[in-house]
1. Quick one: how many residues across region 114-142 are under 21 Å from residue 68 (Cβ atoms) and under 15 Å from the mean Cα position of the chain (by Cα)?
2. Criterion first (on the phi > 0 side of the Ramachandran plot, touching a residue at least 12 places away in the same chain (Cβ under 8 Å) and touching a strand residue (DSSP E or B) at 6+ places or on another chain (Cβ under 6 Å)) does residue 156 satisfy it?
3. Which of the residues belonging to region 83-92 are surrounded by fewer than 16 Cβ atoms within 10 Å (Cβ to Cβ) and more than 23 Å from residue 192 (Cβ to Cβ)?
4. Count, please, the residues in region 191-207 that happen to be touching a helix residue (DSSP H, G or I) at 6+ places or on another chain (Cβ under 8 Å) and either surrounded by 13 or more Cβ atoms within 10 Å (Cβ to Cβ) or part of a strand (DSSP E or B) (or both).
5. Can you list the helices (runs of 4 or more DSSP H) lying wholly within region 1-82 that have 2 or more residues being under 18 Å from the mean Cα position of the chain (by Cα) and surrounded by 17 or more Cβ atoms within 10 Å (Cβ to Cβ)?
């Protein structure tokens, strides 16, 4: 596998870049040991080059020592932030802070899930991000927009906020979505995007979708290409 050009590796690289930006600019406003965070991200960044230029097959890359150490370094970042957020009962006070916290969560998820994406999915660029089946639990129109609706959704283990222009969405509906870098839209933060307006069968299990439809894959692939543009 050409790891230097592989979408999963490039999205991983982008996530590490985002983490570095979040930490150096202290965008998540909690008190913690920033030197320890910086050291962990630097360690992960150094290991990235070994991962990126390993030119091994996906299953080998998932179990590569450099991959394990890289993920372990970011696990430590997640642990530090988690402890600081819980101990201070931190709650974002502005939309920008909500977006920063969501971007932290997205970036950690990409890195921590990297080995799983290598093991469980094919080489399609669409699988560089997580594609989930979610169920809408609440919807409400954004007051600042005539066309946008904010949906509160569940993947069976956590809640996602999705801002969309798709019409006719109702609580109880299940849809495929892609977990993406968060975007602020008219004062609301979207943590994911629906992959089309066609509802999934009621019998669909919530959580990761192992075999998305071709339409969902096409849309996910386009989102991944947009992420990869940051690395050019």
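The values are calculated or read from the model by the stated rules, or taken from the named source; none is laboratory data. None of these values were measured; they are calculated from a predicted model. Glycine also receives a Cβ, built like all others from the backbone with ideal geometry; neighbour counts cover every protein chain displayed.
1. 7
2. Details: on the phi > 0 side of the Ramachandran plot: yes; touching a residue at least 12 places away in the same chain (Cβ under 8 Å): yes; touching a strand residue (DSSP E or B) at 6+ places or on another chain (Cβ under 6 Å): yes.
Against the criterion (on the phi > 0 side of the Ramachandran plot, touching a residue at least 12 places away in the same chain (Cβ under 8 Å) and touching a strand residue (DSSP E or B) at 6+ places or on another chain (Cβ under 6 Å)), residue 156 qualifies.
3. Taking region 83-92 and keeping what is surrounded by fewer than 16 Cβ atoms within 10 Å (Cβ to Cβ), we get 83, 86-89, 91-92.
Scanning region 83-92 gives 83, 86, 87, 88, 89.
4. Of the residues in region 191-207, the ones touching a helix residue (DSSP H, G or I) at 6+ places or on another chain (Cβ under 8 Å) are 191, 193, 195-196, 198.
Keeping just the survivors that are either surrounded by 13 or more Cβ atoms within 10 Å (Cβ to Cβ) or part of a strand (DSSP E or B) (or both) gives 191, 193, 195-196.
Adding up the residues that qualify gives 4.
5. Numbers: elements: 7-24, 34-52, 58-62.
Result: 7-24, 34-52.
For every residue, the table says whether it meets (1) outside the structural domain of residue 94 (by the TED database); (2) modelled with pLDDT of 95 or more; (3) within 25 Å of residue 103 (Cα to Cα).
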site: 168; (1), (2), (3): yes, no, no
site: 172; (1), (2), (3): yes, yes, no
site: 176; (1), (2), (3): yes, yes, yes
site: 182; (1), (2), (3): yes, yes, yes
site: 192; (1), (2), (3): yes, yes, yes
site: 203; (1), (2), (3): yes, yes, no
site: 207; (1), (2), (3): yes, yes, yes
site: 221; (1), (2), (3): yes, yes, yes
